[in-house]
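The next block holds one structure in the form of structure tokens; read it before the comments.
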Amino acid sequence: MKKQLIIMFCLTIAVTIFLQFNVFAEPAERPNVLFIITEDTHWKVFGCYGNAICKTPNIDKLAASGIRFEHAYCQGSACNATRTSFINGLRPNTTRLWKNPQRIRDVLPEGVVGMPELFKEAGYTTIDVGKFYHNGNEFAPKQMLAFDRIEHFGKPEGWKGPEPILKFPNAKPDWDKKAKPRTTREPQNEEQRKRLYSDSYGDSGLEQENEGDWRSAKMTATLLEQYANDKSSDKKPFFLTLAQARPHTPYISPTKFATLYDPEKIPDPAAPLSSLKDFPYIGRTTGGNPDIFRESPASPKEAKEAIAAYYGCVTFVDDNLGLVLNTLEKTGLDKNTIVVLIGDHGVHLGDHNMWAKYSLLEGTHRAPLIVRVPGAKENGKVSQEIVEFVDILPTFIDLCGLRNPGNLEGISLKPLLQESVAKPWKKAAFLTDQDQGQAVRTKKYSFMEFGNPKHTAGFEAALFDLEKDPNETDNRINDPAFADVKKELAELLHQGWKAALPPHAAEKL
Ligand SMILES: [Ca+2]
């Protein structure tokens, strides 16, 4: 009897230990990833970022169930530069890519691997819907070959993958409704035609279901449904990236969105010319915007119309994303899918009399970033820490168990997602641009050094006190009261990103 009791006791202990440590359990199921990239997105355009006019209920719902980063910064200001940077977790000085016409295949250092390659290598199904790399099928064919599916985008040579999940009929816009280019010039070639066409806003002349952005969203929703219905035992997790071409220029959207916002109710753009003191960027304040208002600066009425049209594009994108995010929820995939949403970079919406995205100012390099990791402790909160888009790949590596290629120039955001009291974080965000120069941004100040000869003489650098002057209108670079701050920020800029890291991250490098 005593022997039986001892055996029972030992068995109970063994079972308890087994349950406690679950030593034979399968490794935890790896999460899926849905990575949503919108274009040229002003950091404050979504409702959840404080915009009281532009309606984005679906994005706001995502932010409310995830973590919204108030101070998120991209590292390059054109599509090609920022995308090559965040996809590979490297800064433009390392990727050697700053401009849109540069081919990634010509400049990216040999051996660099980014998101598609690392997810594929880790056994994920890799899916691209819409633009991922800038002109990826031609500029980055090797990288694009790492996608198992490519939808709604050109395929690189030699790519073999399944037929499109959905096929749509060609759709011609209703030319009577369609917004006309603002120029009267006749385009001489296709490139000029695109340029002139980008300088327009209003109605796209297309029904929503004939728009590329809606079709991308519909394809993604269909792929998610198909994945959820797949009961095979060897199903892999997915990395799916979805692009929306809006709100890039031209600021056109289907009628119901294009007419949603009354231009008369749109406030004047921040930082009008009259407010600028010692403003160093004279070249950008006299027209010459590359995408819109190319030939002459916007009149106050045109500025409001363009912003209203931009908001229409943003609400259109939000509506499309609703289709995807609701499908994720409906299928239950949201329980094991990380969702990350970013604008690929920022944009000036008339502030400083600038449009488009080529500057070293907040408008250009601050952009939205929302991260939802199922079960993350900090879900529902807003992080005020300075984070950079170059941190996104290290975060995926950390959360999904991907291989770390060892060359990354960002740090995982996981501590900010999981800890209620975050460790000390990055001191600053960095931006470089081959033409414009370089900039650093701390919680209190922005500091930039211009490489562009168009700066105003005597203002080869700029320093803005963001707490007192969030719109960057009053350049304090020559103010003796800011001499120490100027010295400190110049040092930080020249030391570079490593010097701005928190100690726990710097130790790991
Ligand atoms: Ca872009």
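Bear in mind that the values in this text are calculations on the coordinates, not laboratory data. These numbers come from a predicted model, not from an experiment. Cβ: placed from backbone, ideal geometry, glycine included. Neighbour counts: every protein chain shown.
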- Report, ordered by chain and residue number, the lysines lying within cross-link reach of residue 120, taken as a straight Cα distance under 23 Å and ignoring same-chain residues fewer than 8 apart. 131, 142, 155, 160, 231, 235, 236, 335, 414
- Item | Sparse-neighbour loop sites [GluC sites (Glu not before Pro); region 355-419; at most 12 other C-beta within 10 Å; DSSP] | 419
- Task: Enumerate by residue number the GluC sites (Glu not before Pro) in region 120-216 meeting two conditions: DSSP loop (anything except H, G, I, E, B), and at most 12 other Cβ atoms within 10 Å of the site's Cβ.
- Result: 157
- Note on the structure: Computed ³J(HN,Hα) along region 118-129: with the Karplus parameters 6.51/-1.76/1.60, θ = phi - 60°, integer Hz and x for glycine or proline, the list is 6, 5, 4, 4, 7, x, 7, 7, 10, 10, 10, 10
- Fraction in percent of alpha-carbon pairs per bin - 10 Å, the chain: 4, 18, 29, 26, 14, 5, 2, 1, 1, 0, 0
- In the chain, whole DSSP H helices that both stretch 15 Å or further along their axis by alpha carbon positions and average at least -1.0 on the Kyte-Doolittle scale are 2-21, 212-229, 300-330, 483-495
- Query: What are the residues whose amide H is under 5 Å from the amide H of residue 466, where those residues sit 5 or more places off or on another chain and H is modelled from the backbone?
  - Reply: 445, 446
- Computed for the chain: size of charge dipole around the Cα centre, +1 on C-beta of each Lys and Arg, -1 on C-beta of each Asp and Glu, debye to nearest 20, value 1060 debye
- Item | Segment residue 418-residue 398, extension gain: residue separation times 0.36 nm, minus the distance between their alpha carbons | 6.0 nm
- Item | Quarter of the Cα convex hull surface for region 69-161, i.e. its orientation-mean projected area (nm²) | 6.5 nm²
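Restricting to DSSP H runs of at least four residues, report the calculated mean residue ellipticity at 222 nm for the chain, -39500 (n - 2.57) per run over all residues, nearest 500 deg cm²/dmol. Mind dumping the intermediate values first?
Numbers: 17 runs with 161 residues, N = 509.
Value at 222 nm, helices only, nearest 500: -9000 deg cm²/dmol.
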- May I ask which residue of 74, 144, 127 lies farthest towards the positive end of the charge dipole of region 49-177, with charges of +1 (Lys, Arg) and -1 (Asp, Glu) on Cβ and the Cα centre as origin? 74
- For residue 299 and residue 427, extending 7 Å from Cα along the Cα-Cβ vector and measuring point to point gives, in nm, a value of 5.0 nm
- Query: Of 453, 505, 428, whose Cα points farthest to the positive end of the dipole of region 410-509 (charges on the beta-carbon: +1 Lys, Arg; -1 Asp, Glu; origin at the Cα centre)?
  - Reply: 505
- Item | Burial ranking of peptide ranges 100-110, 76-86 (average Cβ count within 10 Å, highest at the top) | 76-86, 100-110
- Note on the structure: Using eta = 1.567 mPa s and T = 4 °C, Stokes-Einstein with Kirkwood Rh from Cα pairs puts D for region 398-509, in µm² s⁻¹, at 81 µm²/s
- Message: With a cut-off of 8 Å between alpha carbons and a minimum separation of six or more residues, what is the relative contact order of region 387-509 in percent?
- Response: 18 percent
- Task: Just add up the charged neighbours of residue 492: K/R +1, D/E -1, any other residue whose Cβ is under 13 Å from the Cβ of residue 492.
- Result: +4
- Query: Across region 142-257, how large is the tail of the calculated P(r) beyond 25 Å, expressed as a percent of all Cα pairs?
  - Reply: 40 percent
- Item | Relative contact order (%) - criterion: Cα under 8 Å, at least six apart; region: region 64-191 | 16 percent
- Compare the Cα positions of 494, 276, 88 along the charge dipole of the chain (+1 at Cβ of Lys, Arg; -1 at Cβ of Asp, Glu; about the Cα centre) and return the one farthest towards the positive end. 88
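Pairs of lysines 8 or more apart, or on different chains, with alpha carbons under 18 Å: count those in region 416-462, would you?
Step by step, the pairs that qualify in region 416-462 add up to 5.
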- Item | Point-charge dipole on Cβ atoms (K/R +1, D/E -1) for region 405-509, about Cα centre, debye to 20 | 440 debye
- Starting from region 460-509, pick out the trypsin sites (Lys or Arg not before Pro) whose DSSP state is loop and whose Cβ has at most 15 other Cβ atoms within 10 Å. 468
